[in-house]
Amino acid sequence: SAAPPRPAEPSPRSPAAMLLVAAGLLLAVAAGGRTSPAGEQESPPGSRFVCTSLPLDAAGAGCPLPPVPMQGGALPPEEELKATVLQLRETVLQQKETIGSQREAIRELTGKLSRCEGADGKSATGAWKNEVGKGKDTMGDLPRDPAQVIDQLSRTMQTLKDRLESLEHQLRANVSYAALPQDLREMLQRRLGDLERQLLSKVAELEDEKSLLHNETSAHRQKTETALNALLERVSELEKGNSAFKSPDEFKVSLPLRTNYLYGKIKKTLPELYAFTVCLWLRSSASPGIGTPFSYAVPGQANEIVLIEWGNNPIELLINDKVAQLPLFVSDGKWHHICITWTTRDGMWEAFQDGEKLGTGENLAPWHPIKPGGVLILGQEQDTVGGRFDATQAFVGEMSQFNIWDRVLKAEDIMNIANCSFNMPGNIIPWVDNNVDVFGGATKWPVETCEERLLDL
């Protein structure tokens, strides 16, 4: 087709001309062709492919620069220079995009260049050359390596950028910042403001995340330290053995051997009683008989109150040396809750095991009040007040929650205590650490009886 008219054509050495040289080279490189299945570029059917080098100053002949539209006639030199700079900048950006989009074309050019520079007469390139120029090498003026072609294009673009920067420096020297368009200044200010707001927002988000992470880490560390401290305290208690306990009732007395010197002693004594309820947890597998869980002796009567299982006899309750046999069975090595009630009126008694009433009776020391001021021993049967223990009657095992009330507890209260529904310490003798002393190798250990009982079920 005929070339368009070329008004106001720029000189061949201008930046625009240099840019068009680069564009012309790209367009020449990316000219039509197809790719064979093997990946080589093929010429379209019925067409010829001629490889020709283009000098840098040949752009003006066939690639004219589009004229710069003139508005309102001639412009002052500063405005004309500014328009030229903006035009060159836009052109450079467009050519950058063109170069990026033509990478695939450059890869295709690699195959074409290889065919153009091939010296083998058997190749398709040699045959094609013979058809066009009788084997003449027309690519001698261009670099034979595609990478060199790309480097040449890059150098050309860099030259254009350098010249553009030089023109911008000249423009800054001749035109003040105030001479720039008002809308351009406002746009720059808006963009700078947006960037600043985005940066501040991102910094605020990072600070929030950092604060949240710090709080979560502190809470987790505090929780971990609390758990470790509690564990260390529990280990210290276990190592000390006979130490003060955190809770006044979460401990047990251990009497592991059948001797006449292992026992516990209740510091408080009993007042005069006309009724009582005694409850305790115990665990024993001793045979024959578990021995004496507790005994209360007063001057003149060593068997004022005694609970004993001796030899092959059943468990017996002695009050003022009178005896009642209880239908309790606790020698299986598991924790059991035992409660015994008694009243001086007709000597009525009841026996509970694990909250269930297993037996009742009467005429056990009727109308006999329990004498005050005696000694209450755990694990041994007293032949005199506070002494003369018999190893064959000693309790072997563990006990806890030994409590005494001065009244007969209701069956539902006993059931709730046995089921661990609530804690109900004795109003006469409560199970607290500072009220129990151990002797002869007996020990006190921390324990939560209800939790250990669940392990036995």
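Which one is modelled with the lowest pLDDT, of the residues in region 375-394 that are open to solvent by less than 50 Å² (accessible area, probe 1.4 Å) and assigned to a strand (DSSP E or B)?
As a first pass, look at region 375-394 and keep what is open to solvent by less than 50 Å² (accessible area, probe 1.4 Å): 375-382, 386-387, 389, 391, 393-394.
Next cut, assigned to a strand (DSSP E or B) only: 375-378, 387, 394.
Numbers: 375: 94, 376: 96, 377: 95, 378: 96, 387: 86, 394: 93.
My answer is 387.
What strands (runs of 3 or more DSSP E) lie completely within region 252-304 and have 2 or more residues being touching a helix residue (DSSP H, G or I) at 6+ places or on another chain (Cβ under 8 Å) and open to solvent by less than 20 Å² (accessible area, probe 1.4 Å)? Steps first, please.
Working: elements: 263-266, 275-283, 291-298.
Answer list for region 252-304: 275-283, 291-298.
Just one of 367, 335 is of a type in the set (A, V, I, L, M, F, W, C), over 60 Å from the mean Cα position of the chain (by Cα) and either open to solvent by 20 Å² or more (accessible area, probe 1.4 Å) or closer than 16 Å to residue 399 by Cβ (or both); which is it? Before you say what the answer is, go through the steps one by one.
Numbers: 335 fails: over 60 Å from the mean Cα position of the chain (by Cα).
Exactly one of 367, 335 is of a type in the set (A, V, I, L, M, F, W, C), over 60 Å from the mean Cα position of the chain (by Cα) and either open to solvent by 20 Å² or more (accessible area, probe 1.4 Å) or closer than 16 Å to residue 399 by Cβ (or both), namely 367.
Determine if region 406-414 includes at least one residue that is part of a loop (DSSP other than H, G, I, E, B), modelled with pLDDT of 90 or more, open to solvent by less than 10 Å² (accessible area, probe 1.4 Å) and assigned by the TED database to the domain that holds residue 301.
At the first step, the residues of region 406-414 found to be part of a loop (DSSP other than H, G, I, E, B) are 406-410.
Going one step further and asking which of them are modelled with pLDDT of 90 or more, we end up with 406-410.
Applying the additional criterion that residues be open to solvent by less than 10 Å² (accessible area, probe 1.4 Å) yields 409.
Pick out the ones that are also assigned by the TED database to the domain that holds residue 301 and you get 409.
Looking through region 406-414, at least one residue is part of a loop (DSSP other than H, G, I, E, B), modelled with pLDDT of 90 or more, open to solvent by less than 10 Å² (accessible area, probe 1.4 Å) and assigned by the TED database to the domain that holds residue 301.
May I ask you to list the residues in region 304-327 that are without any contact (Cβ under 8 Å) to a residue 60 or more places away in the chain and more than 24 Å from residue 256 (Cα to Cα)?
318, 319, 320, 321, 322, 323, 324, 325, 326, 327
In the set 392, 360, 384, which member is of a type in the set (S, T, N, Q), out of contact with any His (no Cβ under 9 Å at 6 or more places or on another chain) and more than 25 Å from residue 264 (Cβ to Cβ)?
Details: 392 fails: more than 25 Å from residue 264 (Cβ to Cβ); 384 fails: more than 25 Å from residue 264 (Cβ to Cβ).
It is 360.
Scanning region 305-322 for residues that are among the hydrophobic types (A, V, I, L, M, F, W, C) and outside any strand (DSSP E or B), which turns out least open to solvent (accessible area, probe 1.4 Å)? It would help to see each step written out before you state the result.
Start the filter on region 305-322 by keeping residues that are among the hydrophobic types (A, V, I, L, M, F, W, C), which leaves 305-308, 310, 315, 317-319.
Then drop every residue that is not outside any strand (DSSP E or B), which leaves 310, 315.
Values: 310: 122, 315: 8 Å².
Filtering region 305-322 for residues that are among the hydrophobic types (A, V, I, L, M, F, W, C) and outside any strand (DSSP E or B), the one least open to solvent (accessible area, probe 1.4 Å) comes out as 315.
Can you spot a residue in region 432-450 that is farther than 17 Å from residue 307 by Cα, open to solvent by less than 20 Å² (accessible area, probe 1.4 Å) and more than 48 Å from the chain's Cα centre (by Cα)? Spell out how you get there, then give the answer.
In the first step, residues of region 432-450 are kept if they are farther than 17 Å from residue 307 by Cα; the result is 432-450.
The next check asks that each one be open to solvent by less than 20 Å² (accessible area, probe 1.4 Å); those that pass are 435-436, 442, 444, 446-447, 449.
Filter again for more than 48 Å from the chain's Cα centre (by Cα), leaving none.
So far as region 432-450 goes, no, none of its residues is farther than 17 Å from residue 307 by Cα, open to solvent by less than 20 Å² (accessible area, probe 1.4 Å) and more than 48 Å from the chain's Cα centre (by Cα).
Residue by residue through region 431-457, note down the ones that are part of a loop (DSSP other than H, G, I, E, B) and either more than 15 Å from residue 251 (Cα to Cα) or modelled with pLDDT of 95 or more (or both). Write out each step before concluding.
As a first pass, look at region 431-457 and keep what is part of a loop (DSSP other than H, G, I, E, B): 431-432, 440-442, 447-448, 457.
Of everything in region 431-457, those that are part of a loop (DSSP other than H, G, I, E, B) and either more than 15 Å from residue 251 (Cα to Cα) or modelled with pLDDT of 95 or more (or both) turn out to be 440, 441, 457.
The values are calculated or read from the model by the stated rules, or taken from the named source; none is laboratory data. Predicted, not measured: the structure shown is a model, and the values here were computed from it. Positions of Cβ are generated from backbone atoms using ideal geometry, with glycine treated the same way; all protein chains shown enter the neighbour counts. Only protein heavy atoms, including side chains, enter the accessible area calculation; ligands, DNA and RNA are left aside. Shrake-Rupley method; radii C 1.70, N 1.55, O 1.52, S 1.80 Å.
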